[in-house]
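*Asks:* One structure, as structure tokens, below. Some questions next.
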Amino acid sequence: MFSFPASCHTMLSCDICGETVSSEPDMKTHLLIVHMENEVICPFCKLSGVNYDEMCFHIETAHFEHSTQERNFERINTVPYGSSDNKKDNTLQGRTEVNSSIHSACASNHPKKSAQNLPEDGALKHDLYSENLTESRKFMKGREKQPCLTEIKGSIYETTYSLPECPFCGKIEDHSQDMETHVKTNHADLLDTPLEGMDRVQCSNDLELAHKLQQEEDRRRRSEESRQEVEEFQKLQRQYGLDNSGGYKEQQLRNMEIEVNRGRMHPSEFHRRKADMMESLAVGVDDGKTKTSGIMEALQRYYQNAATEVRHVWLSTMVDHFHSSLGDKGWGCGYRNFQMLLSSLLQNDAYDDCLKGMSVPCIPKIQSMIEDAWKEGFDPQGASQLNNKLQGTKAWIGACEIYTLLTSLRVKCRIIDFHKSTGPLGTHPRLFEWILNYYSSERERSQKVVCTCKPPIYLQHQGHSRIVVGIEERKNRTLCLLIFDPGCPSREMQKLLKQDIEASSFKQLRKSVGNLKHKQYQIVAVEGTLSPEEKAARRQASQVFTAEKIP
């Protein structure tokens, strides 16, 4: 700030304003009054409110990058201070120019105060100076702790300045203001408060966790759906006899063994029935053990002599009833209904030509006959669904297989699909009306009992099938179907053969409109015979199987 001469008789010169004084106390007073009490203002950026030492440090650090022409001073990176004995003019050249600039700024803002205006009390001067000097030293000591700003090495006092560097991308700017603008412009998203940043991180973690949990839930759901699909498929395979557990013969033998083990069948009976079954399978003809004949004749007598509540009744041609056995229980209804339908056709002279020499086949033989029809080219889609194989399985058959088999035998028939309800409460009155028209086409209204030449009708619904052998029109104009059910055993059907048929025996036969409430019904109705050419045309048409829909 100022230089102390080697001799006490030498005049002291102020480095700021150049004024000379004769003693050190006078110099302190001069500095206090003229330079420390006056407001010091930076000549480059108008910074104020700091003391002299702070202002020097400010200029040396904040305005070092400006050119010599603009700032009117030379490089000030290093300012050495030597002893007063070897002081030379060029030693303080850079410092003197800075001081001159500060002095000019100070002089322009505050006129110089005279020492005569100060009190004479030297202690007061010393205290004031000491207080300001202490504050200056505190400021400089704090600056020394900052890296790249101040270092003291021996007797050399060095001041360095580093250009501001962006903490986010490393870019260097010339001025702190430019760096502030850069950060606010390019890194505004990184200037969140710590709480906001933590919230953002927490939100990201929550989303990631939720995503992982959703993926795990989806994986478990797909696994469960896949397991359920496999179970449902296996259930359907078992239900429709496609689980490779054997067919009619295997089930018959297995169930007879169970009967023997339970004491319901004698071993000798087991071997006798087994021999009969093997013989039946060998010739392909049903053994007749589940057949009940003569029911249609018994019904004709009953309606002629009783049933006063019935106005008219139409009966099909003669039909034998066949029920399920130990070999096909649970899956053989379609085959048993075909046996009943065929038994009627075999007793009808109109079908002698196409069915000549046939007998009612056993179930494995019926399976073989359907496979042969597939090989001829009938219903390729249905064949594919059943893997082109029925023999040795417990596969269910329905209306399409019945149609295929009859057509392959040159029996003319049609499928009608009552695909939805046509009455209240899920009933199907249109189905009853169609069957009435089928049997009463000639409208014989003069007789109560009409024995038609029409074959029975195959009736299919979900899970079961039966045979319609007639229809009643009661005096209250309601209709009842007469139905043979293959699930009804022979002992119940034989009750209808009695001379005096009890009314309760008809419960299993009569079905009113309110009794048939399945969602969908399909029927196969026989209408005559086919020529070879008509058979070929129907075979071609079965490539895309369609049914007549009502409504």
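Readers should treat all values here as calculations from the given coordinates under stated rules, not as data from a laboratory. Predicted model only: the values in this text are computed from it and were never measured. Cβ: placed from backbone, ideal geometry, glycine included. Neighbour counts: every protein chain shown.
*Asks:* So what's the convex hull volume per residue for the Cα atoms of the range 289-549, in Å³?
*Replies:* Numbers: hull volume 33.8 nm³, N = 261.
In the range 289-549, the Cα convex hull volume per residue is 129 Å³.
*Asks:* For the range 377-524, state what percent of all Cα-Cα pairs lands in each successive 5 Å bin, counting from 0 Å until the bin that includes the largest distance.
*Replies:* 2, 7, 15, 19, 19, 16, 12, 6, 3, 1, 0
*Asks:* Quick one: which residues, 5+ away or cross-chain, put their amide H under 5 Å from the amide H of Ser359? H built at 1.01 Å from N.
*Replies:* Under 5 Å from the amide H of Ser359: no residue qualifies.
*Asks:* Follow-up. Can you list the HN-Hα couplings for the range 517-525, worked out from phi with the Karplus curve (6.51, -1.76, 1.60; θ = phi - 60°), rounded to whole Hz and with x for Gly and Pro?
*Replies:* Here the 3J(HN,Hα) series is 10, 5, 4, 9, 10, 10, 10, 10, 10 Hz.
*Asks:* Once fully extended, how much extra length lies between Ser359 and Glu269, figured as 0.36 nm per residue of separation less the alpha-carbon to alpha-carbon distance?
*Replies:* Numbers: separation 90, 0.36 × 90 = 32.40 nm, distance 2.62 nm.
Difference between extended and current length: 29.8 nm.
*Asks:* How much length is gained if the chain between Lys517 and Lys289 is pulled fully straight, taking 0.36 nm per residue apart and subtracting their Cα-Cα distance, in nm to one decimal?
*Replies:* 78.8 nm
*Asks:* If you don't mind, another one. Give the Debye-formula value of log10 I(q)/I(0) at each listed q (0.31 Å⁻¹), with one equal scatterer per alpha carbon of the range 327-380, two decimals each.
*Replies:* -1.16
*Asks:* Let me ask you something else. Where the Cα atoms of the range 431-475 are projected onto their three principal axes, how long is each span, largest first, in whole Å?
*Replies:* Taking the Cα atoms of the range 431-475, the three principal extents are 39, 23, 14 Å.
*Asks:* If you plug each phi of the range 262-267 into the Karplus form 6.51 cos²θ - 1.76 cosθ + 1.60 with θ = phi - 60°, what whole-Hz ³J(HN,Hα) values come out, in order, with x for Gly and Pro?
*Replies:* 8, x, 8, 9, 6, x
*Asks:* Amide H of Arg311 versus every other amide H placed in the peptide plane: which residues, excluding those fewer than 5 positions away on the same chain, fall under 5 Å?
*Replies:* Hits under the 5 Å cutoff: Glu473, Arg474, Lys475.
*Asks:* While we're looking at this one, here's another question. Name the residues whose placed amide hydrogens come within less than 5 Å of the amide hydrogen of Cys413, ignoring near sequence neighbours (fewer than 5 apart) on the same chain.
*Replies:* Close amide H contacts, sequence-distant or interchain: Glu527.
*Asks:* Could you check the simple spin-label distance between Asn255 and Asn476, using points 7 Å along Cα→Cβ, in nm with one decimal?
*Replies:* 3.8
*Asks:* What full-extension length gain, to one decimal in nm, is calculated for Glu225 and Asp189 as 0.36 nm per residue of separation minus the Cα-Cα distance? Display every interim value, and only then the final one.
*Replies:* Details: separation 36, 0.36 × 36 = 12.96 nm, distance 4.50 nm.
Full-extension gain reported as 8.5 nm.
*Asks:* For Phe545 and Lys420, FRET efficiency with R0 = 22 Å and r from the beta-carbon atoms, rounded to 0.05?
*Replies:* With a Förster radius of 22 Å, E is 0.70.
*Asks:* Over 21 Å between C-alpha atoms is what I'm after, so list which of Lys291/Lys519; Lys289/Lys375; Lys249/Lys365; Lys289/Lys365; Lys249/Lys389; Lys375/Lys519 land there.
*Replies:* Details: Lys291/Lys519 31 Å; Lys289/Lys375 31 Å; Lys249/Lys365 12 Å; Lys289/Lys365 16 Å; Lys249/Lys389 16 Å; Lys375/Lys519 33 Å.
Lys291/Lys519; Lys289/Lys375; Lys375/Lys519, as the Cα separations exceed 21 Å there.
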